[in-house]
1. I'm trying to understand the selection: among the residues of region A:36-50, which are surrounded by 14 or more Cβ atoms within 10 Å (Cβ to Cβ) and part of a loop (DSSP other than H, G, I, E, B)?
2. Quick one: count up the residues across region B:185-230 that are among the charged types (D, E, K, R), touching a residue at least 60 places away in the same chain (Cβ under 8 Å) and not in a helix (DSSP H, G or I).
3. Name the residues in region B:231-266 that are more than 7 Å from every other protein chain (Cβ to nearest Cβ), more than 18 Å from B:GLU199 (Cβ to Cβ) and part of a loop (DSSP other than H, G, I, E, B), would you?
4. Sort out which residues of region A:52-79 are among the hydrophobic types (A, V, I, L, M, F, W, C) and either surrounded by 14 or more Cβ atoms within 10 Å (Cβ to Cβ) or modelled with pLDDT under 95 (or both), and write them in order of number.
5. Scan region B:44-53 and tell me whether some residue there is in a helix (DSSP H, G or I) and buried (at least 22 other Cβ atoms within 10 Å of the Cβ).
6. How many of the residues in region B:72-100 are under 23 Å from B:ASP150 (Cα atoms) and of a type in the set (A, V, I, L, M, F, W, C)?
7. Considering only region B:238-264, state which residues are touching a Ser or Thr at 6+ places or on another chain (Cβ under 6 Å), in contact (Cβ under 8 Å) with a residue 60 or more places away in the chain and of a type outside the set (Gly, Ala, Ser).
Amino acid sequence: MSAMVNMIVLDGDDNVGIALRDIAANEQACDARGLQLTAGERIVQGHKIALRDIAAGERVIRFTMAVGITTAAIPRGRLVHVHNVKSQYLNNDEDHYE
Amino acid sequence: MNRASSQTVSGMRGFPRADGRKGIRNFVVVAYLVECAHHVARQIAQGYQTEGAQLIGFPGCYPSDYAQRVMEAMCTHPNVGAVLLVSLGCEEFRRGALLDMVAASGREAKLLVIQESGGTRATIAEGRQWLDAALVRAKAAETIPIAISDLVIGTKCGGSDGLSGITINPAVGRAFDRLGDAGGTLMFEETCELIGCQEHMAKRATTPELGRELRAAVEKADRYYNELGHGSFGGGNIKHGLSTLEEKSLGAYAKSGSRPIAGLIKPGTRPPKSGLYLMDTVNDGPVRYGIPNINDTQTITEMVASGCHMIIFTTGAGSVVGQAVAPVIKGVSNSRVYQRLAEDIDVNGGTIADGTETIDDVAERIVAAVVRLASGHPSKSEELGHQEFALSYKTYEPAGPACLPV
């Protein structure tokens, strides 16, 4: 793996990548297969980045599986997380931990 | 079983038990049978814990078939060589049945009833005297070489993060594949953390009927948690990058590896043969006791009750958990937490994200850690004296015939 690689895309058809380390706003996100895009905001390690424009109500695909439904349109390069994704099952709105 | 499965592994040794199982430890268990006896039991075990005495117990006063079954399984666990039961005297736990069962299993067993033994001081003195002698005998017990096929191994995660499903969990899955191929018996659990994976899991079942049971078990968890109003997903997961319960599930599911699923078991049920099993950890019937898995420790306890010799525990945020009867190996998903908790973590899977190791490399280190543990070397949590144990009320109905295909 080259030193440039800071993101993993688990399947070619996924619409999100996962940050392997913290990626700064405007930094290039690169995966091992040479996919590259500019991070539209800071993507912390373990968080998801949109690989393409995702419309509101679309499924978030990670490792071929739908891991949620978008609640807002997410432009390519932006953070995909609880502020723009909801569960297809149980929603936890409250924060139990802190 | 194939020929490779019965091959002993150099260094791995076990304590043979009358039922044919082999333990990787020879613990002497001190078990309180109601919370009112907890203090006395703890005082008996204290000071002997580095010698191999382990404290377990059930706090409830009213009878519970589930708790009785788990305590019976714990006291006749292959890692246990002798048992001291500590009862107050008026609780409804069926202590006589437990004592008889332990004695019938060929283990040394003793019952102390505080109300009949002269109270706190006298019971502690009598207990320690018995324990002193039992530990000497436990240490002198003979061991025999064992194989991977003699081992039952469970996996569990706690405090998952966005990297868990990419690094340490797939590495555990790969290690599970290898251990299963060598004839090992393996289990994964927590159907509430598999919500979203049921269709994929059903396809891995060895029979279509079992596939339906696996799907039904996850749907039961979904119903239960919807009724409860919240599930196994919260702020800790969100902070570390997971957005939904099903995303967490996907990561947790990776621990199960890729081999066929041979059965669905409930806490305390032992897998009838080698292979990979799912444990259903959610109560049967209506929501009755609140959250079924009150903490990671209880779920681990349930897998140990189903015969696990050891547990492979993975975390993203960090965990220091151990277990009283079965040693825990802990793996972490990222190097940042590994560096912070290195004294507590056995395997760093963060090297996969760092790009310095592959999933196979980490899987190999996990298998090596399993062999080390089964060779008598302590895990990190054992070195630190961890011996967590938790047991509360639950209800289960017997599993149907489709759950364990012949």
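The values are calculated or read from the model by the stated rules, or taken from the named source; none is laboratory data. The shown structure was predicted, so the numbers you read here are calculated from the model rather than taken from an experiment. Backbone-built Cβ (ideal geometry, glycine too); neighbour counts: all protein chains shown.
1. A:ALA39, A:GLY40, A:ARG42, A:VAL44, A:GLN45, A:GLY46, A:HIS47
2. 2
3. B:SER232, B:LEU242, B:LYS266
4. Quick first cut of region A:52-79, residues among the hydrophobic types (A, V, I, L, M, F, W, C) only: A:54-56, A:60-61, A:63, A:65-67, A:69, A:72-74, A:79.
Of everything in region A:52-79, those that are among the hydrophobic types (A, V, I, L, M, F, W, C) and either surrounded by 14 or more Cβ atoms within 10 Å (Cβ to Cβ) or modelled with pLDDT under 95 (or both) turn out to be A:ILE54, A:VAL60, A:ILE61, A:PHE63, A:MET65, A:ALA66, A:VAL67, A:ILE69, A:ALA73, A:ILE74, A:LEU79.
5. yes
6. Quick first cut of region B:72-100, residues under 23 Å from B:ASP150 (Cα atoms) only: B:72-83.
Filter once more, so that each one left must be of a type in the set (A, V, I, L, M, F, W, C): B:73-75, B:80, B:82-83.
Total meeting the criteria: 6.
7. Selection gives B:LYS248, B:LYS255.
For (1) facing chain B (nearest Cβ under 9 Å); (2) in a strand (DSSP E or B); (3) over 28 Å from B:ARG336 (Cα atoms), each residue gets a yes or a no:
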position: A:MET4; (1), (2), (3): no, no, no
position: A:ASP14; (1), (2), (3): no, no, no
position: A:ALA25; (1), (2), (3): no, no, no
position: A:ARG52; (1), (2), (3): no, no, yes
position: A:VAL67; (1), (2), (3): yes, yes, no
